[in-house]
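Just below is one structure, and these are the notes that go with it.
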Number of protein chains: 2
Amino acid sequence: MAETDLIRENIISAARERFRHYGYPKTTIAEVAGDCTMSAGNIYRFFKGKIDIAVEIAQRESLRSVEVVEAVMECPYRTSRQRLEEIVFADLRYTFHLLENRPKVLELAQIVVRERPQFQIESFRRERRAFQRILREGQASGEFTIDNLPQTTIAAQSATLKYRYAQLFTNQTLGELERELANVLTLIMRGLIHRKDGKLVPPTEIPGEIAEQQMPTDF
Amino acid sequence: MAETDLIRENIISAARERFRHYGYPKTTIAEVAGDCTMSAGNIYRFFKGKIDIAVEIAQRESLRSVEVVEAVMECPYRTSRQRLEEIVFADLRYTFHLLENRPKVLELAQIVVRERPQFQIESFRRERRAFQRILREGQASGEFTIDNLPQTTIAAQSATLKYRYAQLFTNQTLGELERELANVLTLIMRGLIHRKDGKLVPPTEIPGEIAEQQMPTDF
DNA sequence: TTTGTGAATAATTTATTGATTGTTCATAGT
DNA sequence: ACTATGAACAATCAATAAATTATTCACAAA
């Protein structure tokens, strides 16, 4: 029913506001219900539990990263190398700023991952598909030399693990991370690109901020 | 004074036993002092505080990894590729088993890193030196083509970050991690090795257990 | 002077309570 | 039947007190 969906949306947006302001633990179901002018018990006709509201919010947020990839893929007259480098750098910058400026987002993400490990697994899969798409494109155009596409995709994704939500692993600055990532990408590119003239594939350059990928207003 | 050193050793070994059995938080200074037949207060003439005992234990444990590298470096008639792959795989396996079988070790490591972030930084530096040594060797022998040694070292180390204390990042099995690491190393090797005949550098094979690197008996 | 003690104190941890919150469900209105 | 409520119950959290522990230090023995 459309009515049901509308109410669900209402609950989600009320919850999102409160999670953002007060954080997940400090937000009570009664408050969210109050915002929607309904009783606490009634929430449970629309969501199995409090955590499930958070999961749905996190999922939607996570899907936004697909849009970034889409944007990079749309952009024409670019090499596959440029595309791959751009999405990895965009990921580093986006997640870095997210954790830097929105502590409640990190908190929510950590809680969701802890309660629902499947969430993280699916996010990884989505990202992997984007990687694979770019690699396949580069393979088709002859830019990349790849003997085993799925395995190479896994390798490239694993090697750049550190640059998503980097603050969880290290307390380096964004500048340090960018320089380091450029080194990693240089190495990866030299493993993917095989020049006929035998010259060394040039190092990765740190790209400028792209399209100023703005933060969502509410989260 | 030699006497002072002996007492320090005594304290360290008593503390190590208790940390292993009961964990760091459940071990009291009074107990360690009792094991050494001295008063609690006297411990402070040898260590600045409880955490410093743990730091020294962790440092010594961490230095053991240097021995592994030494062993790999000693081993003759091996290519630099083999050496690099062996130490990374050895690291993966060693740290995986450590976290699997010795939960108290993980606990101690986490506490030490939290209280003394410098500890982690130094461990990383030590490991980086080992990487760089192997890469330089491969560069000198002509096996690797490296234009910027320090940067390439950082790249190789960062790309394999996930495979040290892997359980902190993922709940994959050791087998899955080994296959994944082989993919990452294949990609790295293709970035380091440049064949004149233009053929693809063959993929990394998962090495058999080396020398059955045994766990230390006490920790 | 060096080595050590044990009581005193400060810092943490643990136990306990009461209050708050998540969730269920019998019930009522539509 | 469908929608919603609010009381009931269980789980969790916050606050406090109690106990334990880390650390210091005045003092004593060597």
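Does A:MET38 qualify as being over 28 Å from A:LEU192 (Cα atoms), of a type in the set (A, V, I, L, M, F, W, C) and surrounded by 15 or more Cβ atoms within 10 Å (Cβ to Cβ)?
yes
Against the condition more than 15 Å from A:ILE87 (Cα to Cα) and basic (Lys, Arg), how does A:LYS162 come out, does it pass?
Judged against the criteria, A:LYS162 is not a match.
Filter the stretch A:143-182 for residues that are more than 8 Å from every other protein chain (Cβ to nearest Cβ), within 15 Å of B:ILE154 (Cα to Cα) and part of a loop (DSSP other than H, G, I, E, B) and give the result.
Result: A:THR170, A:GLN172.
Answer yes or no as to whether B:ARG8 is without any contact (Cβ under 8 Å) to a residue 40 or more places away in the chain, within 11 Å of DNA strand D (Cβ to nearest atom) and either within 30 Å of B:GLU127 (Cβ to Cβ) or not aromatic (Phe, Trp, Tyr) (or both). Give the derivation first.
Working: without any contact (Cβ under 8 Å) to a residue 40 or more places away in the chain: yes; within 11 Å of DNA strand D (Cβ to nearest atom): no; either within 30 Å of B:GLU127 (Cβ to Cβ) or not aromatic (Phe, Trp, Tyr) (or both): yes.
No.
Can you tell me how many residues within the stretch B:25-66 are part of a loop (DSSP other than H, G, I, E, B) and either away from DNA strand C (no atom under 14 Å from the Cβ) or among the acidic types (Asp, Glu) (or both)?
Matching residues across the stretch B:25-66 total 1.
For the stretch A:63-76, check the following and say yes or no: at least one residue is exposed (fewer than 13 other Cβ atoms within 10 Å of the Cβ) and polar (S, T, N, Q).
No, that holds for no residue.
Which of the residues spanning the stretch A:30-68 are charged (D, E, K, R) and either away from DNA strand D (no atom under 14 Å from the Cβ) or in contact (Cβ under 8 Å) with a residue 12 or more places away in the chain (or both)?
A:GLU31, A:ASP35, A:LYS48, A:LYS50, A:ASP52, A:GLU56, A:ARG60, A:GLU61, A:ARG64, A:GLU67
Could you list, in sequence order, the residues of the stretch A:120-164 that are surrounded by fewer than 18 Cβ atoms within 10 Å (Cβ to Cβ) and under 14 Å from the mean Cα position of the chain (by Cα)?
A:GLN120, A:ILE121, A:GLU122, A:PHE124, A:ARG125, A:ARG126, A:ARG128, A:ARG129
Name the single residue, out of those in the stretch B:69-78 being closer than 26 Å to B:ARG102 by Cβ and of a type in the set (A, V, I, L, M), that is nearest to DNA strand D (Cβ to nearest atom).
Looking at the filtered set, the residue picked out is B:VAL69.
Would you mind stating whether A:LEU92 is in a helix (DSSP H, G or I), away from DNA strand D (no atom under 16 Å from the Cβ), out of contact with any Lys or Arg (no Cβ under 9 Å at 6 or more places or on another chain) and within 14 Å of chain B (Cβ to nearest Cβ)? Give the steps one after another, and end with the answer.
On the way: in a helix (DSSP H, G or I): yes; away from DNA strand D (no atom under 16 Å from the Cβ): yes; out of contact with any Lys or Arg (no Cβ under 9 Å at 6 or more places or on another chain): no; within 14 Å of chain B (Cβ to nearest Cβ): yes.
Here the answer is no, as A:LEU92 does not meet what is asked.
Among (1) at pLDDT below 95; (2) in a helix (DSSP H, G or I), which single condition is B:ARG136 missing?
(1)
List pairs: first residue in the stretch A:151-173 and in the same structural domain as A:ILE87 (by TED's automatic domain parsing), second residue among the basic types (Lys, Arg) anywhere in the structure, Cβ distance under 7 angstrom, at least six positions apart or on different chains.
As it stands, the answer is A:THR153/A:ARG128; A:GLN157/A:ARG128; A:SER158/B:LYS162; A:LEU161/B:LYS162; A:PHE169/A:LYS162, since those pairs meet every condition given.
Could you pull out the residue among A:GLU100, A:GLU70, A:GLU85, A:GLU107 that is closer than 21 Å to A:ALA159 by Cβ, acidic (Asp, Glu) and not in a loop (DSSP other than H, G, I, E, B)?
Only one candidate qualifies: A:GLU85.
Based on what the data block shows, is A:GLU17 within 27 Å of A:GLN139 (Cα to Cα), away from every other protein chain (no Cβ under 14 Å), away from DNA strand D (no atom under 11 Å from the Cβ) and of a type in the set (Asp, Glu)?
Criteria not met by A:GLU17.
The values are calculated or read from the model by the stated rules, or taken from the named source; none is laboratory data. Keep in mind the model is a prediction, meaning the values are calculated, not measured. Heads up, the Cβs are rebuilt from the backbone with ideal geometry, glycines too, and the neighbour counts pull from every protein chain shown.
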